[in-house]
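Here the structure comes first, spelled out in structure tokens, and everything after it is commentary.
The values are calculated or read from the model by the stated rules, or taken from the named source; none is laboratory data. Remember, it's a predicted structure, so these values are computed and weren't measured experimentally. FYI the Cβ positions are ideal-geometry reconstructions off the backbone, even for glycines, and counts take in every protein chain you see.
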Amino acid sequence: MWWRMSYWTLLVTRDGEKSIASTVESILGQTKPPSVILIVDDGSTDRTREILHEAEKRYSPRIQSVVLPDRGYDIRRVVNNLNVAMQKADELGVETDYVLISSDDCIYPDNYVEYLFSEMERDQDLVVASGSILQPNLPRKYFAPHGSGRMVRSRFFQQLGNRYPPYYGYETWLLFEALRVGFKIQNFGELRFKQTRKPSCLRRLGVSHEMFRISSPRSREKVPDRFGRTTYTYKCLS
């Protein structure tokens, strides 16, 4: 039954002083709260660190944070920050049935986790699922689970090494791997959650979002495909 299931939350942030407190409260306020929230702060320059420190004191030990040095904003470090949280979970001995992945600007309905749990426990082949920040009347079959608000079954992620690969497309990689081995993924369009900041397509996200930077030779890496042919991928930063 879904109420017996457990999860922890992986949350990454940078300069999230205006939104992270409400995101944390939203997650803690779930009808099924997490065992722990692990937050990776990628060198925030605003009050985010102070807010996290206050949250840790108030909710200890349910909130743990890792503060990284400020090296400027660069989207290519996001996957490394996710893996830092996964490593921290390993060090703390966190063992749960699922992991909820979130950014620092999401407000979830109180039953968000309960809804996903009930659906995923009903179908044991469903290993990655999320609600939607899109219009609820759009055909949900056309939308994959979001990166934020994504619930991942732990035993599936563990089969993949419990880490994301350090390359662009890491979120899609997880979905592809699920489908490749016969599992299911799903976006539940009727389960809505809110982003408190503008979608990424409407805000400036740092120089590495500029295509000429992403496709520069400095970030490209030759890798063989499964047929032995040489192809290129774009490596993220550590």
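Summary of values
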read-out	value
Residue within the stretch 185-192 that is among the aliphatic types (A, V, I, L, M) and either at pLDDT 75 or above or under 27 Å from Phe117 (Cβ atoms) (or both) present	yes
The stretch 49-76, residues that are in a loop (DSSP other than H, G, I, E, B) and of a type in the set (Ser, Thr, Tyr)	Ser60, Tyr73
Test: residue in the stretch 61-73 that is under 26 Å from Leu116 (Cβ atoms), out of contact with any helix residue (DSSP H, G or I) (no Cβ under 8 Å at 6 or more places or on another chain) and surrounded by 16 or more Cβ atoms within 10 Å (Cβ to Cβ)	no
Every residue from the stretch 8-48 that is farther than 16 Å from Val78 by Cβ, part of a loop (DSSP other than H, G, I, E, B) and either among the acidic types (Asp, Glu) or in contact with a Phe, Trp or Tyr (Cβ under 6 Å, 6 or more places away or on another chain) (or both)	Glu17, Pro34, Ser35, Val36, Asp46
Any chance Tyr59 is over 23 Å from Lys184 (Cα atoms) and among the aromatic types (Phe, Trp, Tyr)	yes
Residue in the stretch 23-32 that is loosely packed, with under 15 Cβ neighbours inside 10 Å and in contact (Cβ under 8 Å) with a residue 12 or more places away in the chain present	yes
Scope the stretch 105-126; condition in contact with a Gly (Cβ under 7 Å, 6 or more places away or on another chain) and part of a helix (DSSP H, G or I); matching residues	Tyr112
